[in-house]
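Below you'll find the structure, written out as structure tokens, and then a few comments.
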Amino acid sequence: MILSALSDIHLTIFMKPIPLTPLFAGYTVGIMPKNLDISAHHCAILTGFIAVSQLETLILCFARMHQVIALVLNTHVVPKFLQYSCYALCVLCPIALCGCIEHFHITQDQQWDYISETYPELIPEFQKLTHFVLYIKSCKLNHLLIAMILMLSEMFIAWFVSHSSINMIGLIIFFPPYQIFFLRVFKRKNSKHTTPVAVVPVVAAVSSGF
């Protein structure tokens with residue numbers, strides 16, 4: 001909840017990213033670029049760090065809930081060493097993302113050279129922006145984007161099942177252990193409700209005979 005609130009405040013008050021098409025670029029508005037004079041590149045790094053950390057906390061919360069169910073069913077229990085390995089990856093993932101963004105960053109002069117070579121008609125519009133950043137599309141950058149899309153799709157599933165109103169629906173759809181657990185509980189409740197109904201006619205028949 002803390003990271004979620006921090007992410008909302010960061011993207012609405014401190015910095016708001018605005019994409020610039022058709023280039024893989026964007027500029028920022030808000031307190032950080034306007035009042036603190038923080039570059040759009042460093043704003044992008046900070047945004048990526050907060051966003052990944054927030055999504056990782058959702059995954060960890062879901063994983064703990066999943067393991068509680070797994071212990072009850074005594075199936076699909078993740079070993080402790082694997083859990084600790086996932087915790088280590090969660091620490092390294094935001095740092096690695098920031099490193100990747102820094103790796104693909106180019107200098108301001110290189111950005112202007114790229115714009116003048118590819119879209120010279122956009123130079124007057126870019127000159128009006130005080131804080132913008134441009135990343136040159138390459139094979140490595142495409143691989144990074146694909147990896148981020150796959151990661152975000154998995155995190156979206158975790159976000160889907162982390163909300164209380166649709167928590168049970170998400171667990172039933174995506175995770176077979178919870179399906180088995182839900183069916184067992186449903187059968188038990190159903191048997192408790194059906195047993196008294198079946199006994200009532202018998203009791204009525206016996207009482208009428210007397």
Sort out which residues of the stretch 1-57 are at pLDDT 85 or above, polar (S, T, N, Q) and loosely packed, with under 13 Cβ neighbours inside 10 Å, and write them in order of number.
N35
Please find, within the stretch 100-124, the residue that is modelled with the highest pLDDT out of those that are under 22 Å from M15 (Cβ atoms) and loosely packed, with under 12 Cβ neighbours inside 10 Å.
T107
Got a sec? Which of F81, F62 is surrounded by fewer than 13 Cβ atoms within 10 Å (Cβ to Cβ) and either aromatic (F, W, Y) or assigned to a helix (DSSP H, G or I) (or both)?
F81
Specify the residue that is nearest to H143 (Cα to Cα); the eligible residues are those in the stretch 84-99 that are surrounded by 13 or more Cβ atoms within 10 Å (Cβ to Cβ) and among the hydrophobic types (A, V, I, L, M, F, W, C).
L97
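The values are calculated or read from the model by the stated rules, or taken from the named source; none is laboratory data. Note that the structure is predicted; figures quoted are calculated from it, not measured. Every residue, glycine among them, receives a Cβ derived from its backbone with ideal geometry; neighbour counts consider all protein chains shown.
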